[in-house]
Amino acid sequence: MNEQEAHSDLTKVQEAQKVFFVSLGCPKNQVDSELMLGELRARNMEVVEEAELADLLVVNTCSFVEEAREESVDTILDLAHVKANAKREQKLVVTGCLPQRYEKELKVELPEVDHFLGTGDINKIGDLVAPQFGKPLPMAARSKVGRPGYNYDAYSPRVQTTPAWTSYVKIAEGCSQVCAFCIIPRLRGGQKSRLQDDIVTEVQRLADQGVKEINLIAQDLTHFGHDTKQGESLASLLKKLVKIDGIHWYRLLYCYPHAFSDELIELIANEPKIASYVDMPLQHIADPMLERMRRRFSEADTRALCYKLRERVPDLVFRTTFIVGHPGETQEEFERLYDFVKEMRFERMGAFKYSREDGTRSARMGDLVMGIIKEQRHHRLMSLQQGISSEIHANMIGREMDLVIEGVSEETDLLLQARSYGQAPKIDGLTYINEGWAEPGSFVRAEIVDAGDYDLVARIL
């Protein structure tokens, strides 16, 4: 066989390799999944939508709370069943937060899994599984779980899994806060910001490809740049990003209240390309609870920031989340939280029932809240928010706003579905179009004509 024939045979083998990929968890995890898909595609692997047709099965897991862990394990077991009954040889790879946290246990409990990859090693997936002359690369160990903290750059291979007009851009990895209930620093490491110019390069490339909506994400957006000691900040980054042509709006997801500067507030208020949307998990309002949670923000600080944002940012959409049933939460403290939500009337609000996470400070606390009480508090808070959301939406009828068209509705082909600046993808509700037509990815001016608890109805003007 000559060299040309050998190369042709190798190409056929490489082209035959197919991967089935499941991404679980938050948008930050989705970016990791897109990077792994980019590495695999760079090795001539093809993504397929049916697990039975794949040579490689990959699950990028989430381990943030108990429900996420259960979903991750169930998905792994489902694919292990596919592998066991496959008519072709398949390999199963589990990546992300779950192996980063439970590597030793998983290697014992899940012998069906061929390889484990941690959060800091996702860029090595190509070396782990890519074919070389028809054979997988040798691995000295079954798992590759090192220190967390991997940051991609503007030139990292990446496969966009979002619609062509929208993208997530992760500007930092990890978190350096010390919240008592949170396991993220163990799973992702301390905060590690990307360089500002590298992010600008990535967004410019996305804009050149036709992306019009950028969702900036990190575990802690507001402390971006503090760790690099180069004078960079979220505000300085945004000042550069808004100069890029083609981007319609930027949305800020996951802001920590500490270090939310006046400069940043003024940018959100006055720069048309920055959506008047803030996602800021506050977790609680009662000072004793904030102290137990090791939050660096008091009730007075929180109230002052919330009112400042309301006063300075026109048409602000404020999203937040709270935890109910954290160890030590009294009925009085919960009522204070309930009254705060009633007072602030957040446009978007979610609540988590406290989930005990081994290795956290909260997990070692006594004075636990009974499960039934957590359920009752969660139900009361979410019922309150449902009424607030319904009233806010009813007051929007008759208002005009820009919408990005997503396409035909998933509910019925008689409607289009779209989103406003106040509706982050996959997190908030939708706006349904009952009059008019526009291509997916286009921005249109529309009038709100009807409203529900979480969704809106509009007509294109």
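The values are calculated or read from the model by the stated rules, or taken from the named source; none is laboratory data. Since we're looking at a predicted model, the values are computed, not measured. Please note: Cβ atoms are built from the backbone with ideal geometry, for glycine as well, and neighbour counts cover all protein chains shown.
Looking at Asn151, Asn123, which one is part of a helix (DSSP H, G or I), modelled with pLDDT of 90 or more and not hydrophobic (A, V, I, L, M, F, W, C)? Only one candidate qualifies: Asn123. Residue pairs whose Cβ atoms lie under 8 Å apart, separated by 6 or more positions or on different chains, with the first residue in the stretch 225-238 and in a helix (DSSP H, G or I) and the second of a type in the set (D, E, K, R), are Ala235/Glu263; Leu238/Glu271. If the condition is being touching a Phe, Trp or Tyr at 6+ places or on another chain (Cβ under 9 Å), within 19 Å of Leu237 (Cα to Cα) and outside any helix (DSSP H, G or I), then the stretch 173-196 contributes Glu173, Cys175, Gln191, Lys192, Ser193, Arg194. Given the options Phe322, Phe260, Phe318, name the one that is in contact (Cβ under 8 Å) with a residue 40 or more places away in the chain, part of a strand (DSSP E or B) and under 29 Å from Lys212 (Cα atoms). Answer to the selection: Phe318. Taking first residues from the stretch 113-136 that are closer than 10 Å to Met36 by Cβ and surrounded by 18 or more Cβ atoms within 10 Å (Cβ to Cβ) and partners that are hydroxyl-bearing (Ser, Thr, Tyr) and modelled with pLDDT under 80, the Cβ contacts under 8 Å between residues at least 6 apart in sequence or on separate chains come to Leu117/Ser143. Applying the set (1) under 26 Å from Lys273 (Cβ atoms); (2) β-branched (Val, Ile, Thr); (3) modelled with pLDDT of 95 or more to Ile397 leaves exactly one unmet item: (1).
Checking each residue in the stretch 327-349 for being farther than 25 Å from Val278 by Cα and surrounded by 21 or more Cβ atoms within 10 Å (Cβ to Cβ) picks out only Glu329. Of all residues being among the polar types (S, T, N, Q) and closer than 14 Å to Leu56 by Cα in the stretch 86-131, which is nearest to the chain's Cα centre (by Cα)? Just the residue, please. Checking each candidate, the answer is Thr95.
The set of residues from the stretch 48-89 being touching a strand residue (DSSP E or B) at 6+ places or on another chain (Cβ under 6 Å), of a type in the set (S, T, N, Q) and not in a strand (DSSP E or B) comprises Ser72, Thr75. Given the structure, is Lys229 more than 23 Å from the chain's Cα centre (by Cα), more than 30 Å from Met365 (Cα to Cα) and surrounded by fewer than 21 Cβ atoms within 10 Å (Cβ to Cβ)? For Lys229, the condition - more than 23 Å from the chain's Cα centre (by Cα), more than 30 Å from Met365 (Cα to Cα) and surrounded by fewer than 21 Cβ atoms within 10 Å (Cβ to Cβ) - is met.
Do we find a residue being of a type in the set (Lys, Arg), part of a helix (DSSP H, G or I) and touching a helix residue (DSSP H, G or I) at 6+ places or on another chain (Cβ under 6 Å) anywhere in the stretch 353-371? No, the conditions are met nowhere in the stretch 353-371. Cβ-Cβ contacts under 6 Å between residues 6 or more apart (or on different chains), taken from a first residue in the stretch 303-314 that is in contact (Cβ under 8 Å) with a residue 12 or more places away in the chain to a second residue that is of a type outside the set (A, V, I, L, M, F, W, C), are listed as Leu305/Pro257; Val313/Ser276.
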